[in-house]
Amino acid sequence: MSRSIVFSSSLLLMAGCAPSSKPEEAAFPPEQVERLGREVNLENWDDGGEISRFAFLSIPKIFATAVIRRGDGEVLALETALEEDIAQYEVAVAGGGVMAFDDYVASGALDGIVIVHGGRVVYESYPRMRSDHQHILFSVSKVLVSTAVAILEDRGLVDVSKPVDVYVPALRGTAWEAIPVLDVLDMASGIDALEDIEDSYTNPERKHYQYEASLGWLPKVEGLPSSVAEEDTFGFIASLEKKSGPGMVWEYVSVNTMVLAWLAEKVTGKKFPEVLSETIWSRMGAEADALVSVNTRGHGAVHGGIVATLRDVARFGLLFTEGRGRGIVSARYLEKILEGGRPELLEAAGRTAADVRHATYQWDRVYNDGSFFKGGFGGQGLYVSPEEDVVLAYFGTHGYDAPAPPVLDACRRMFADLF
């Protein structure tokens, strides 16, 4: 099993509201809730199927969490103008058949999906959750972290050309010393903690396994480093070694995201949930607080452990569309996403694709048409097309039969036809 990403082809304001306090009660029949609560554990919570869907909607029941506060500002309401041509759009599925998009969404592994076009919700469906449920984002969390760093960069607190140890003194004298912050942002640090390998979640000798065990996400077994056993995630990260030189190749290493959060804590003097609240969540009109899984030392699983409502993920995506940055996402940062990436990093990794320009600032794919995407384990996704003024956000759970093509491919084809 691997949680790594595989390459494949008018606004209103209203008062704040809170998500359901017991989301699993609406996602499952009451008689299943108690059983699933007893059965879920560190060994099976992300294996797929109903136990994972329960876990993905019930993170506070499984892990300790810290709050990413939305503050007391007004919620950015999303005008709804559902478009029937989207619901009835014919998706060409494997085997030569077609399905209406409504049926495609209902028959797959999606828990929820929202499409925003021109600032209005034009399609929304929750086949396996409710709109106010909070769902784990997995690696979509990464672009929240990178965007917080980009905001600190805009404020002059971070220079991404400088070595990361300039901002995190504990990394001086380690393999991280002299690695530019930009290489950490671009998954090109060269640090040896690969996630995109077959047994990175099952083999305790793998550095990614040890990283997640230090965060309380995987079982601790005998023989793990003492920093892992003691959940000293920062200490464990400082002990890692180099696999290659920095800036040479794109490699999916979630530890990079944790280093970015550590950097943000050091330059602000605040814990990362507070940093994320101050830079993004309390300013974008979120409808609810977000959460992040934390270990016993308070280190957040920022690489994948953020939990939020689907509409709030869409609101975050809207910050990257024309005229909706709300003073949060700058034109400079958007230009860096679109034009500042290094195609040679993907080329060195053998990850090139005809329609992909590069990957940068933790975004998995920046397409030639100026859209970009971040995916997450289990079927999570955030896609933004600034030029077409489109945001696609979706949650999913793996382990269910799902019709081909993948949802992102189906939606991009639909957007090209309809928008």
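Could we say that Ala178 is touching a Pro at 6+ places or on another chain (Cβ under 6 Å), assigned to a strand (DSSP E or B) and among the hydrophobic types (A, V, I, L, M, F, W, C) here? Working first, answer last.
Details: touching a Pro at 6+ places or on another chain (Cβ under 6 Å): yes; assigned to a strand (DSSP E or B): no; among the hydrophobic types (A, V, I, L, M, F, W, C): yes.
No; evaluated as a whole, the condition is false for this residue.
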Check: When residues of region 67-95 are filtered for being part of a loop (DSSP other than H, G, I, E, B) and within 21 Å of Val407 (Cα to Cα), how many remain?
Finding: 7
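Can you name the residue in region 207-262 that is more than 20 Å from Ala349 (Cα to Cα) and among the acidic types (Asp, Glu) and, of all such residues, is farthest from the chain's Cα centre (by Cα)?
Pass one, region 207-262, residues more than 20 Å from Ala349 (Cα to Cα): 209-240, 258-262.
Narrowing further to those that are among the acidic types (Asp, Glu): 212, 222, 230-232.
On the way: Glu212: 16, Glu222: 31, Glu230: 26, Glu231: 23, Asp232: 23 Å.
Per the stated criteria, the residue is Glu222.
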Notebook entry, point to check: Does region 63-84 hold any residues that are out of contact with any helix residue (DSSP H, G or I) (no Cβ under 6 Å at 6 or more places or on another chain) and more than 25 Å from Arg326 (Cα to Cα), and which are they?
Noted result: Phe63, Ala64, Thr65, Glu83, Glu84
Margin query: For a quick check of your reading of the model, give me the residue pairs whose first member lies in region 170-181 and is within 12 Å of Ile237 (Cα to Cα) and of a type in the set (Val, Ile, Thr), whose second is at pLDDT 95 or above and in a helix (DSSP H, G or I), with beta-carbon atoms closer than 7 Å and at least 6 apart or on different chains.
Written below: Thr174/Ala238
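Where in region 182-271 are there helices (runs of 4 or more DSSP H), lying wholly inside it, with at least 2 residues that are surrounded by 21 or more Cβ atoms within 10 Å (Cβ to Cβ)?
Details: elements: 207-214, 226-229, 233-238, 255-268.
Answer list for region 182-271: 207-214, 233-238, 255-268.
The values are calculated or read from the model by the stated rules, or taken from the named source; none is laboratory data. Source: prediction; values computed, not measured. Ideal geometry is used to build each Cβ from the backbone, glycine not excepted, and the neighbour counts take in all protein chains shown.
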